[in-house]
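Scroll down for the structure; my scribbles are underneath it.
The values are calculated or read from the model by the stated rules, or taken from the named source; none is laboratory data. Computed from a prediction, not measured in an experiment: that's the story for all the values here. So basically every Cβ, Gly included, is an ideal-geometry build from the backbone, and we count neighbours across all protein chains shown.
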Amino acid sequence: MKNTDILIVGAGISGATLAERYANLGKKVVVVEKRNHIAGNCYDYYDENGILTSKYGAHLFHTNEKEVWEYVNRFGEWYPWEHRVVARVDDKTVPIPVNITTVNTLFGTDIQTEEEMTGWLDANKIEFEKPANGEEAVLNRVGPVLYEKMFKHYTKKQWDKYPAELHASVLERIPVRTNYDDRYFSDEFQALPKGGYTKIFEKMLNHPNITVLLNTDYFDVKDQYTGYEKLFYTGPVDRFFEFKTELEKLEYRSINFVTEHLDQEYYQENSVVNYPGEEVDFTRIVEYKHFGNQKSDKTSIVKEYTVDEGEPYYPVPNEKNQSIYEKYKEEADKLTNIYFVGRLANYKYFNMDQAFKNALDLFSSLETPNLKHHDARTTV
Ligand code: FAD
Ligand code: UDP
């Protein structure tokens, strides 16, 4: 039997945050991670062309949470980076989120002011007081023509569902702008870590109280660890309750990342180019060297094909999955000293900052009484 105070399953944002917090509280922590690396889906590395590349898709940090921003800054330097995305639509290239330039380029209009753009949107949109799904959310904001050109088929490719089959919140992730602002996010803090995300996780986990075991699946070793105070599980919630065969499985989406190394300086003009149409099967192409303006004679691009099978990356937010998830949550709530935390364990479409906040909030809710008697520097 092996013992530890805190056992954590997964070395992504949720697991690493809880490991760091508990280690600083003086607890012995073991993190088991089934992959051969830390950092979860934020993992990045230098590829054969010397370009810092994210293994599981481009990761742009953005938040309005000052507490989260201050927390991540403890573990490395971040430089300002405002993400921009363009989309290829009807053989034209337009900014996404939809803004004045998007409409003028696609429809040959000559909108100049916010009032004119608001007027265009008002004339096109179909109003829904409370959009009940993704389709109504888009129609309510931009109307049917842009819905068809920019959202309907991209969503089908991404989720294998049309927007009407998804929560409104999925399509509401992207704003619509009445000005020329072409930034993908509007948050106050937008940045990338100097030298990459993996370095941040190394710093978080580099503590004498933390042991990280890579290539270790929790379900292979769980009988060896029984004497812990608390277990934090950050994998898919339905995998944990696999033995409850009466419970229906949750849906997930995975991505097939297809990389090409090219003997040319650049492939495209921007880090991310979306392909919202039906003419290709992939959703977007990422050219990593644009992030941080990296220099190399060569380049690498990654096409993203979203698929059903494979590692689960996305929960699929709709009513059906939410009601299945509630059943798992009931089971999870019955357990003592076992906590489910993170994007797949909570089955929530978290961005990175939400995952940090969720883990920090859980730690505070469990440990605030203990923190009162502890070094104040460990509080966040
Ligand atoms: P994860 O990062 O999934 O970590 C869970 C870890 O647990 C994994 O390492 C997994 O291997 C491990 N694990 C699971 N089961 C077991 C087991 N049985 N035994 C041992 N280990 C196990 N967010 C943004 O803010 N901006 C972005 O631009 C952005 N882009 C994204 C692009 C893509 C393609 C994806 C998929 C996500 C993106 N995200 C982005 C979201 C971000 O990746 C997540 O919010 C964050 O990684 C969630 O952290 P987590 O700790 O909950 O989960
Ligand atoms: N979306 C779309 N067209 C686009 C970009 C996004 O229809 O060009 C929709 C699609 O449903 C997508 C959702 O908006 O899943 C959220 O997009 P986001 O870029 O936030 O997705 P992620 O980066 O998490 O894959």
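Let's see how each residue does on (1) part of a strand (DSSP E or B); (2) at pLDDT 95 or above; (3) surrounded by 19 or more Cβ atoms within 10 Å (Cβ to Cβ); (4) more than 19 Å from the chain's Cα centre (by Cα):
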residue: 14; (1), (2), (3), (4): no, yes, yes, no
residue: 21; (1), (2), (3), (4): no, yes, yes, yes
residue: 38; (1), (2), (3), (4): no, yes, yes, no
residue: 57; (1), (2), (3), (4): no, yes, no, no
residue: 62; (1), (2), (3), (4): yes, yes, yes, no
residue: 67; (1), (2), (3), (4): no, yes, no, no
residue: 70; (1), (2), (3), (4): no, yes, no, yes
residue: 86; (1), (2), (3), (4): yes, yes, yes, yes
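Checking residue 208 against (1) more than 10 Å from ligand 1 (Cβ to nearest atom); (2) buried (at least 16 other Cβ atoms within 10 Å of the Cβ), only one condition comes out false. Which one? Condition (2) is where residue 208 drops out. Checking each residue in the range 355-373 for being at pLDDT below 95 and either exposed (fewer than 14 other Cβ atoms within 10 Å of the Cβ) or of a type in the set (Val, Ile, Thr) (or both) picks out 368, 369, 370, 372, 373. Any residue that is crowded, with 16+ Cβ neighbours inside 10 Å, at negative phi and touching a His at 6+ places or on another chain (Cβ under 6 Å) - is there at least one of those in the range 303-316? Checked against the condition, which is being crowded, with 16+ Cβ neighbours inside 10 Å, at negative phi and touching a His at 6+ places or on another chain (Cβ under 6 Å), the range 303-316 yields no hits at all. The residues in the range 330-354 that are charged (D, E, K, R) and surrounded by 14 or more Cβ atoms within 10 Å (Cβ to Cβ) can be counted, and the count is 4.
Considering only residues in the range 211-228 that are among the aliphatic types (A, V, I, L, M) and under 16 Å from residue 28 (Cβ atoms), the one that is surrounded by the fewest Cβ atoms within 10 Å (Cβ to Cβ) turns out to be 213.
Only residues that are in contact with a helix residue (DSSP H, G or I) (Cβ under 6 Å, 6 or more places away or on another chain), within 16 Å of ligand 2 (Cβ to nearest atom) and of a type in the set (A, V, I, L, M) were counted in the range 163-216, giving 6. With respect to the stated conditions, residue 26 fails to be of a type outside the set (A, V, I, L, M, F, W, C) and within 16 Å of ligand 2 (Cβ to nearest atom). If I filter the range 114-121 for residues that are under 22 Å from residue 349 (Cα atoms) and modelled with pLDDT of 95 or more, do I get at least one hit? No, the conditions are met nowhere in the range 114-121.
Counting residues in the range 73-82 that are on the phi < 0 side of the Ramachandran plot, at pLDDT 95 or above and within 10 Å of ligand 1 (Cβ to nearest atom) gives zero. When the range 117-136 is limited to residues that are in a helix (DSSP H, G or I) and either in contact with a helix residue (DSSP H, G or I) (Cβ under 8 Å, 6 or more places away or on another chain) or touching a residue at least 24 places away in the same chain (Cβ under 8 Å) (or both), the one that is surrounded by the fewest Cβ atoms within 10 Å (Cβ to Cβ) turns out to be 118. I need the full set of residues from the range 311-350 which are of a type outside the set (Ser, Thr, Tyr), in a strand (DSSP E or B) and either within 14 Å of ligand 2 (Cβ to nearest atom) or under 13 Å from residue 251 (Cβ atoms) (or both), in order please. Listed by number, the list holds a single entry, 315. Taken over the range 46-100, the criterion of being among the aliphatic types (A, V, I, L, M), more than 21 Å from residue 364 (Cβ to Cβ) and away from ligand 2 (no atom under 14 Å from the Cβ) is satisfied by 51, 52, 100. Looking only at the range 137-176, residues that are aromatic (Phe, Trp, Tyr) and in contact (Cβ under 8 Å) with a residue 40 or more places away in the chain come to 3 in all.
Just one of the numbered conditions (1) surrounded by fewer than 16 Cβ atoms within 10 Å (Cβ to Cβ); (2) more than 18 Å from the chain's Cα centre (by Cα); (3) modelled with pLDDT of 95 or more; (4) within 19 Å of residue 56 (Cα to Cα) is not true of residue 256; which one? The number of the failed condition is (2). Annotation for the range 303-310: at least one member residue is more than 12 Å from residue 251 (Cβ to Cβ), in a loop (DSSP other than H, G, I, E, B) and within 13 Å of ligand 1 (Cβ to nearest atom). Taken together, the residues in the range 150-176 that are in a loop (DSSP other than H, G, I, E, B) and crowded, with 19+ Cβ neighbours inside 10 Å amount to 2. In the set (1) surrounded by fewer than 18 Cβ atoms within 10 Å (Cβ to Cβ); (2) in contact (Cβ under 8 Å) with a residue 40 or more places away in the chain, residue 243 fails one condition alone, (2). Within the range 1-59, the residues that satisfy the criterion of being among the charged types (D, E, K, R) and within 9 Å of ligand 1 (Cβ to nearest atom) are 33, 34, 35. Touching a residue at least 60 places away in the same chain (Cβ under 8 Å), assigned to a strand (DSSP E or B) and of a type in the set (S, T, N, Q) - does that describe any residue in the range 227-234? The answer is no, given that none of the residues of the range 227-234 is touching a residue at least 60 places away in the same chain (Cβ under 8 Å), assigned to a strand (DSSP E or B) and of a type in the set (S, T, N, Q).
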